[in-house]
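The values are calculated or read from the model by the stated rules, or taken from the named source; none is laboratory data. These numbers come from a predicted model, not from an experiment. Neighbour counts run over all protein chains shown; Cβ positions are idealised from the backbone, glycine included. Only protein heavy atoms, including side chains, enter the accessible area calculation; ligands, DNA and RNA are left aside. Shrake-Rupley method; radii C 1.70, N 1.55, O 1.52, S 1.80 Å.
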Amino acid sequence: MRNEKRMERILGYSLVAPALLLILAIAIWPVIQSFYYSLFDYRLNDPRKSSIHLNYSLDLEGYLQNYPFLQSALKQELATAEGTVKETLAEVEQKLTDMDAAIRKDEQVAKQYDQVNEALDNFETPSEEVKIVELDEQTAKQLISTVDSAVQTLKQIHQGGGLKQPDKVVGLAEGLTGVVIEPNFVGLKHYKDNFSDPRLWKALWNTTFFTVVSVAVELVLGLAIALLINKAFFGRGLVRATILVPWAIPTAVSALMWKFLYDGQNGIVAKYFENIGLVDRMGDLLTTEAGAMFAVIFADVWKTTPYMALLLLAGLQTIPSSLYEAASIDGATKWQQFVKVTLPLLKSSILVALLFRTLDAFRVFDLIFVLTGGGPANSTETISILAYKVMFSQTNFGNGSALAVIVFICVAIISMIYIKWLGKDLLSDSASAKR
């Protein structure tokens, strides 16, 4: 018996394994990759941080575009300098020369050094693999210290009027300050900064408020619609098809449509809301914080209530009509039938509908991005829009990845809450049924 159960268990795991691997590849791996990126100060708009660096590196192209010309300019200054200025310039030149020799001690560095130098002499652009070379930490820090000291010294000489070509000399020296690429590993710094940033908490509040209100309204309206179209009446098929039209429209298209309807000058919906007193002015819908949040929630309810109704309708059709007949014979009213029969048997469908809609609403992006862009004054900015702006508008992939991981954690917490509190009875019922 034990061997048979063991074989059954192995067979079950082998059948599930392909699906688990697919989930790992499609869902889990991007999260792991995002978490890895979030540990680095990864910025595409900064050449020194446009890729992940675990060690110190030297940009040979930037170094050789400045160092040889700086040495030549210093020799020209030395030819005309006198006294202490000449001694100081000679000391700066010697330090830079020694530093250059220290860089070229490594054979691999020296080889790439010559390759990049030859490419620049031929007016060619060296490849990324050739122009970036790793340095040991001691040499890198020594180069940074030497360059910073040279810049400060040359600036002091310039202030004293001791340079003939100050702009050229100082400019070339400052050009060397960015040639050392430092490791951009920052650990959990992005998470620490985000959780102390009021903008993140405002985005989380906007997301939570949008999710709770929209899903609650959609559940009530969706259940009412599902109960209605579950009844037999003339034209029921046409009504069902018509109700699904808003859900069938692409979200970006429906958001753009509602943007025109909410327009403060020509929007029909905005004019109607003003006439019935929901807003003081037509323009308030998209230009005030409360109006913009109401506008996106209203548009989302219109768009996704049919989806909620469709899920609940599927659950209603699994309830046997004989249960309602028996309840009616026992003298139960319509409301009692709804509370005692419909809701308990519809619990699993409600769980699925709420779970799907809550996760979808919490990750909302396209509707709000097209409709308000997160404005006005970030009043409708959700966590997904914030992550998009940081990652793509600011090209800060490190911090944007951290925000994406935060979204994943929030979604995971929501899923666990639903399964724990709403699905507890369902799991216990299924376990008792097996016994």
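The mean sequence distance of close C-alpha pairs (under 8 Å, at least 6 residues apart), as a share of the length of the chain, puts its relative contact order at 22 percent. Excluding the site residues themselves, the longest part of the chain lacking any GluC sites (Glu not before Pro) in a DSSP loop with at most 12 other Cβ atoms within 10 Å is 125-435. Basic side chains Lys and Arg get +1 at the Cβ, acidic Asp and Glu get -1 at the Cβ, and with that the dipole of the chain about its Cα centre reaches some 2820 debye. Per residue, the solvent-accessible area of the range 275-377 (1.4 Å probe, heavy atoms of protein chains only, all protein chains present) comes to 48 Å².
Sorted into 10 angstrom bins from 0, the C-alpha pair distances of the range 293-385 split as 15, 33, 23, 17, 10, 3 percent.
Estimated from the Cβ-Cβ distance and a Förster radius of 41 angstrom, the FRET efficiency linking Ser50 and Gln156 is about 0.75. The residues of the range 128-252 present an accessible area of 57 Å² per residue when probed at 1.4 Å with all protein chains retained.
Under a model in which nothing but the beta-carbon of Lys, Arg (+1) and Asp, Glu (-1) is charged, the range 231-335 shows a dipole of about 380 debye around its Cα centre. Database remark: amide H of Ile181 closer than 5 angstrom to the amide H of Ser57, Leu58, Asp59 (H placed geometrically; neighbours at sequence offset of 5 or more, or on other chains; Pro and chain starts carry no H). Between the amide H of Ile52 and any residue lying 5 or more places away or on another chain, no distance stays under 5 Å, with hydrogens modeled in the peptide plane.
For the range 63-121, the fraction of C-alpha pairs farther apart than 15 angstrom is 57 percent. Ranking Ser57, Asn266, Val133 by Cα position along the charge dipole of the chain, where only Lys, Arg, Asp and Glu carry charges on their C-beta atoms, puts Asn266 farthest toward the positive end. Asp197 label point, 7 Å along Cα→Cβ, cut-off 19 Å on backbone N: hits in the range 338-381? Taking a point 7 Å out along Cα→Cβ of Asp197, the residues of the range 338-381 whose backbone N falls under 19 Å are 363-365, 369, 373-381.
Surface composition of the range 130-271: carbon plus sulfur atoms hold 63% of the accessible area, using a 1.4 angstrom probe and ignoring ligands, DNA and RNA.
Sort Phe233, Phe69 by accessible area with a 1.4 Å probe, largest first. Present the calculation step by step, with values, prior to reporting the outcome.
Working: Phe233 75, Phe69 120 Å².
Result of the area sort, largest leading: Phe69, Phe233.
Compared with the direct C-alpha span, the chain from Ile28 to Arg104 gains 23.0 nm at full extension, assuming 0.36 nm per residue. Taking each DSSP H run with n ≥ 4 as -39500 (n - 2.57) and averaging over every residue of the chain yields -21500 deg cm²/dmol at 222 nm.
Size descriptors for the range 1-130 (Cα atoms only): Rg and Dmax, in that order, 28.2, 99 Å. Of the accessible area of the range 1-99, with the probe set at 1.4 angstrom, what percent is carbon plus sulfur? Answer for the range 1-99: carbon and sulfur cover 61 percent of the accessible area. Centroid-to-centroid, using Cα positions, the range 341-396 and the range 1-46 are 25 Å apart. Centre-to-centre separation between the Cα atoms of the range 159-219 and those of the range 55-127: 32 Å. Each residue, Met7 and Ile414, gets one label point 7 Å from its Cα in the Cβ direction; the gap between the two is 4.6 nm. If you model the chain as an ellipsoid using its alpha carbon gyration tensor, with each semi-axis the square root of five times an eigenvalue, the axes come out at 66, 30, 17 Å, biggest first.
Amide H contacts of Phe40: Val186, each under 5 Å away and 5 or more positions distant or on a separate chain (H built 1.01 Å from N in the peptide plane; Pro and chain starts excluded). Helices that extend 18 Å or more along their long axis by alpha-carbon positions and average at least 0.0 on the Kyte-Doolittle scale are, among the DSSP H runs of the chain, 2-23, 198-229, 289-316, 347-362, 397-417.
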